[in-house]
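To keep things clear, I will list the structure first and then write my remarks on it.
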There are 2 protein chains.
Amino acid sequence: MRQHAAGVAVITTRTARGDEPVGFCATSLNSVTLDPPTVSFAVATGSTSGAAWLTAAHGIVHLLRSDQTAVASAFARTGPEKFAGPVGWRWGPHGAPLLDGVLAWMVVRTRIRLVVGDHLLVLAEVQECVVEPGGAPLVYCDGRFHGLSGLFGGS
Amino acid sequence: MRQHAAGVAVITTRTARGDEPVGFCATSLNSVTLDPPTVSFAVATGSTSGAAWLTAAHGIVHLLRSDQTAVASAFARTGPEKFAGPVGWRWGPHGAPLLDGVLAWMVVRTRIRLVVGDHLLVLAEVQECVVEPGGAPLVYCDGRFHGLSGLFGGS
């Protein structure tokens, strides 16, 4: 799966006690179905975000821009200092941290949780979606960040 | 989710009766956990592949190269003629169709099926993985095919 390209997202929520922002860098975000609009993502059960998503009802999925590698790297690390890092944020809908300047963001509501090996797979319904004008996605593949090139047509 | 970039895969298996190859173009492929190595993908329940994956125990996940847009387009259409299309194939492990000349391919075994809206979410364990030398991944984003550009560092 190292050869598999994936858009880079930062997924945020708050701790079960509700007083701390949590977030992680995800390359496992996917659309599962459009009706109802449902995405999936996987989070390590042993992480702070994994613990939070065991109970979190809502969160925000942020798609990163190609110039936000520093944001991706910050949220790929462990520890609360990621929210003091290279991107501004504020408390957003449902009390989840909302990051500034991303490509697009979605408020999601947890529908199904599944423990698979050492990861929690979360299926969540998209309740609200905001696409910021301009910008291109950040992509992760084979251990590195990339942009997109070469439109090859398509549907 | 149109703004979300995703690697392009063709996922094959055979019909429940076992005598016909089936396959579809997936942009929903993801790694869920490495221990055990598990991927997920979503397939429309109303499609031929959806019907096959309701019972299929095994299949092959092919990651496409950036020059295989014709293969992606062929497998994005409905109908059995996709196997008479732009890519050669043979019967591979566990009787699943194995496509020629892809970036990488994995033999997978179904572990969990989940019906979510009008899609079937399949979680499958990777049993065997072959990465062909050279090549770069085909990426789909915002209705078009892309290649990768610009290595931005990373881990």
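The values are calculated or read from the model by the stated rules, or taken from the named source; none is laboratory data. None of these values were measured; they are calculated from a predicted model. For neighbour counting, all protein chains shown are included, and Cβ atoms are generated from backbone atoms with ideal geometry for every residue, glycine included. Note: areas computed on protein heavy atoms with side chains; ligands, DNA, RNA excluded. Shrake-Rupley method; radii C 1.70, N 1.55, O 1.52, S 1.80 Å.
Things worth noting here:
- Rg/Rh (Cα only; Kirkwood hydrodynamic radius) as it applies to the stretch B:33-155: 0.96
- Over the stretch A:1-85 - Rg/Rh using Cα atoms and the Kirkwood inverse-distance radius: 0.96
- Listed residues A:Glu125, B:Glu132, A:Glu20 arranged by accessible area, highest first, probe 1.4 Å: A:Glu20, B:Glu132, A:Glu125
- Heavy-atom accessible area for A:Thr38, with the other protein chains in place and a 1.4 Å probe, reaches approximately 10 Å².
- What separates the A:Gly46 label point from its copies, with the point 7 Å along Cα to Cβ, is 4.4 nm, written shortest first.
- Given charges at Cβ of Lys, Arg, Asp, Glu: the protein assembly as shown dipole, positive-most of A:Trp53, A:Val32, A:Cys129: A:Trp53
- Charged neighbours of B:Arg65, selected by a Cβ distance under 12 Å, balance to -3 (K, R count +1; D, E count -1).
- Plainly put, the tip 7 Å out from Cα toward Cβ on B:Asp118 is 3.9 nm from that tip on each other copy, the closest given first.
- When the surface is traced with a 1.4 Å probe over the full set of protein chains, B:Arg14 keeps roughly 80 Å² accessible.
- Heavy atoms of B:Leu148: accessible area, 1.4 Å probe, square angstrom to 10: 40
- Dipole magnitude of chain A about its Cα centre (Cβ charges: Lys, Arg +1; Asp, Glu -1), debye to nearest 20: 200
- Local electrostatic count at B:Leu103 - Lys and Arg +1, Asp and Glu -1, tallied over other residues with Cβ under 14 Å: -2
- Looking down the axis that turns chain B into chain A, the chain B residue with its beta carbon nearest that axis, and the gap rounded to whole angstrom, comes out as B:Ser149, 2.
- Per residue, the convex hull around the alpha carbon atoms of the protein assembly as shown comes to 118 Å³.
- With the label put 7 angstrom out from Cα along the Cα-to-Cβ vector, B:Gly88 ends up 5.8 nm from the copy partners, going from closest to farthest.
- Residues of the stretch A:3-88: accessible area per residue with a 1.4 Å probe, Å²: 37
- Backbone HN-Hα couplings from phi across the stretch A:128-142 [Karplus 6.51/-1.76/1.60, Hz, Gly and Pro as x]: 7, 9, 10, 9, 7, x, x, x, 9, x, 8, 10, 10, 7, 6
- Dipole magnitude of the protein assembly as shown, debye to nearest 20 (Cβ charges: Lys/Arg +1, Asp/Glu -1, about Cα centre): 220
- Relative contact order for the stretch A:1-122, counting Cα pairs under 8 Å that sit 6 or more residues apart, in percent: 30
- Structural descriptor for the stretch A:79-155: relative contact order 20 percent, calculated from alpha carbon pairs under 8 angstrom and at least 6 residues apart.
- Accessible area buried, both sides summed, chains B and A with 1.4 Å probe, Å²: 4300
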